[in-house]
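Engineer: This is the structure I have questions about; it appears just below.
The values are calculated or read from the model by the stated rules, or taken from the named source; none is laboratory data. The shown structure was predicted, so the numbers you read here are calculated from the model rather than taken from an experiment. Counting neighbours? That spans all protein chains shown, and the Cβs are built from the backbone with ideal geometry, glycine included.
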Amino acid sequence: MKGLVIRSSKNNFTVRLIDNGLPRELECSLKGKILKDVVGFYNPLACGDIVEVDEEKALILSLEHRRNRFVRYNQKGQMPQLLAANVDLVLCLCSIDSPPFRPRFLDRLLLQADVSEIPSAIICNKYDLAEKKLLADPDIEERLSDYQRIGIPVFRISVKTGMGMKELRDFTEGKFSVLTGHSGVGKSSLINALVPDLEIKTAKVNEKYNRGNHTTTQSILYDIPGMREGTRIIDTPGIRRFVPMGILPEEVIFHMKEFAALAGQCSYGLSCSHITERGCKIMEAVDAGAIHEDRYESYLRIREELSGREYAGKITD
Ligand code: GDP
Ligand code: ZN
């Protein structure tokens with residue numbers, strides 16, 4: 001019988017079966033079973049996966065072909081980690097303050113979404129703190145506007161006051177999204193707002209380190225009530241560091257929107273390092289403000305990081 005993975009940790013999975021039109025949940029394992037497509041992954045299955053199960057034994061037998069998958073490099077395990085499968089949208093959640101706004105982190109998420117050919121959007125939460133925060137740090141608003149300029153949808157919201165929630169709902173209606181972001185930015189709060197009656201525990205941001213505690217250890221798929229059928233969201237564990245993968249250093253340029261249009265146009269063509277060469281279109285664009293300095297810095301850092309890593313290369317199916 002076929003089912004949808006709606007809860008996944010490293011080794012345990014909840015599968016939703018559709019039976020006589022009625023959904024039923026089953027805790028399943030993969031005991032002794034090796035799924036051939038997922039060898040070498042930190043976790044074999046993700047929320048959003050469609051699987052074949054043996055109901056009696058509560059055993060997952062096989063995995064259906066995935067339309068896409070959102071992954072990151074798990075540094076601790078030194079292998080790729082699946083965050084979601086078969087999604088329409090990657091929602092990159094950040095906050096204006098507590099924890100601080102970190103565009104470099106966003107750049108990594110956006111890059112990975114592009115590599116996976118999944119559209120993405122930025123949600124900046126805690127806008128109720130904006131008045132005080134933006135006075136002290138106007139760069140945040142400037143960065144958000146720049147993301148919009150290069151074509152990435154940006155939502156400025158406050159889960160606390162409800163600001164921007166209507167626009168966000170309209171945008172996500174009918175879509176299957178995956179929600180990612182640092183711990184403490186308000187993932188649980190947002191899910192609670194979208195799926196009332198859930199009451200997921202939210203944590204006070206650890207004041208000392210100004211970063212969140214890890215409240216979620218597994219990924220969970222939620223159907224969003226009151227919206228068109230198929231409006232779903234996957235809540236992923238809060239992450240400290242997002243390390244992209246499945247991409248070679250020289251390919252990064254093709255996956256950052258405002259860089260891609262200039263790829264190959266430097267005097268030295270595709271062999272340009274975009275650091276010292278004369279006639280480098282990327283550096284000219286940075287000087288002219290067509291590429292934000294911060295995005296250029298992100299680009300260089302990500303490229304550098306990917307150069308030294310075995311798993312940077314293409315994931316083979
Ligand atoms: P998660 O780690 O990303 O799941 O973050 P939580 O949802 O647990 O939220 C972390 C902290 O931020 C909690 O203390 C929330 O009450 C707080 N928080 C969430 N959304 C907002 C918001 O819009 N404004 C403010 N001021 N605080 C918020
Ligand atoms: Zn160049």
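Engineer: What are the residue pairs meeting all of these: first residue in region 283-295, first residue farther than 16 Å from SER145 by Cα, second residue away from ligand 2 (no atom under 13 Å from the Cβ) and acidic (Asp, Glu), Cβ atoms under 7 Å, and 6 or more apart or on different chains?
Structural biologist: VAL286/GLU293
Engineer: Also, I was wondering about something else. Go through region 1-26 and report how many residues are over 16 Å from GLU52 (Cβ atoms), without any contact (Cβ under 8 Å) to a residue 40 or more places away in the chain and not in a loop (DSSP other than H, G, I, E, B).
Structural biologist: 3
Engineer: Just checking, which of ASP97, ASP114, ASP128 is surrounded by fewer than 23 Cβ atoms within 10 Å (Cβ to Cβ), under 12 Å from the mean Cα position of the chain (by Cα) and not aromatic (Phe, Trp, Tyr)?
Structural biologist: Numbers: ASP97 fails: under 12 Å from the mean Cα position of the chain (by Cα); ASP128 fails: under 12 Å from the mean Cα position of the chain (by Cα).
Checking each option against the conditions leaves just ASP114.
Engineer: Can you go through ALA58, ALA46 and tell me which one is on the phi > 0 side of the Ramachandran plot and surrounded by 13 or more Cβ atoms within 10 Å (Cβ to Cβ)?
Structural biologist: Selected residue: ALA58, the only one of ALA58, ALA46 that is on the phi > 0 side of the Ramachandran plot and surrounded by 13 or more Cβ atoms within 10 Å (Cβ to Cβ).
Engineer: Taking region 118-155, which residues are in contact (Cβ under 8 Å) with a residue 40 or more places away in the chain and among the basic types (Lys, Arg)? Write out each step before concluding.
Structural biologist: Within region 118-155, the subset in contact (Cβ under 8 Å) with a residue 40 or more places away in the chain is 118, 121, 123, 125-126, 140, 143, 146-147, 150-152.
Of everything in region 118-155, those that are in contact (Cβ under 8 Å) with a residue 40 or more places away in the chain and among the basic types (Lys, Arg) turn out to be LYS126, ARG143.
Engineer: I'd like to know if region 294-306 contains one or more residues that are farther than 20 Å from MET79 by Cα, within 10 Å of ligand 2 (Cβ to nearest atom) and at pLDDT 95 or above.
Structural biologist: No, the conditions are met nowhere in region 294-306.
Engineer: Can you find a residue in region 241-262 that is more than 15 Å from ligand 2 (Cβ to nearest atom), buried (at least 20 other Cβ atoms within 10 Å of the Cβ) and aliphatic (A, V, I, L, M)?
Structural biologist: Yes.
Engineer: Yes or no: ILE50 of a type in the set (A, V, I, L, M, F, W, C), more than 16 Å from ligand 1 (Cβ to nearest atom) and under 25 Å from the mean Cα position of the chain (by Cα)?
Structural biologist: Working: of a type in the set (A, V, I, L, M, F, W, C): yes; more than 16 Å from ligand 1 (Cβ to nearest atom): yes; under 25 Å from the mean Cα position of the chain (by Cα): yes.
Judged against the criteria, ILE50 is a match.
Engineer: Taking helices (runs of 4 or more DSSP H) that do not extend beyond region 91-153, which have at least 3 residues that are at pLDDT 95 or above? Lay out the reasoning, then the answer.
Structural biologist: Working: elements: 103-115, 130-136, 139-149.
Answer list for region 91-153: 103-115, 139-149.
Engineer: Look at VAL53 and say whether it is touching a residue at least 12 places away in the same chain (Cβ under 8 Å), outside any loop (DSSP other than H, G, I, E, B) and farther than 21 Å from THR172 by Cβ. I'd like the intermediate steps shown before the answer.
Structural biologist: Values: touching a residue at least 12 places away in the same chain (Cβ under 8 Å): yes; outside any loop (DSSP other than H, G, I, E, B): yes; farther than 21 Å from THR172 by Cβ: yes.
Yes: the conditions hold for VAL53.
Engineer: I would also like to ask the following. Restricting region 173-217 to residues that are at pLDDT below 90 and on the phi > 0 side of the Ramachandran plot, which is nearest to ligand 2 (Cβ to nearest atom)? Steps first, please.
Structural biologist: Going through region 173-217, the residues at pLDDT below 90 turn out to be 196-217.
Still in the running and on the phi > 0 side of the Ramachandran plot: 197, 199, 210.
Details: ASP197: 53, GLU199: 52, ASN210: 37 Å.
Among residues in region 173-217 that are at pLDDT below 90 and on the phi > 0 side of the Ramachandran plot, the one nearest to ligand 2 (Cβ to nearest atom) is ASN210.
Engineer: Among the aliphatic types (A, V, I, L, M), at pLDDT 90 or above and within 16 Å of ligand 1 (Cβ to nearest atom): which single residue out of ILE224, ILE247, ILE220 fits that description? Working first, answer last.
Structural biologist: Values: ILE224 fails: within 16 Å of ligand 1 (Cβ to nearest atom); ILE247 fails: within 16 Å of ligand 1 (Cβ to nearest atom).
Just a single option satisfies the conditions, and that option is ILE220.
Engineer: Next question. Would you check if MET227 is among the aliphatic types (A, V, I, L, M) and out of contact with any strand residue (DSSP E or B) (no Cβ under 9 Å at 6 or more places or on another chain)? Lay out the reasoning, then the answer.
Structural biologist: Values: among the aliphatic types (A, V, I, L, M): yes; out of contact with any strand residue (DSSP E or B) (no Cβ under 9 Å at 6 or more places or on another chain): yes.
It is true that MET227 is among the aliphatic types (A, V, I, L, M) and out of contact with any strand residue (DSSP E or B) (no Cβ under 9 Å at 6 or more places or on another chain).
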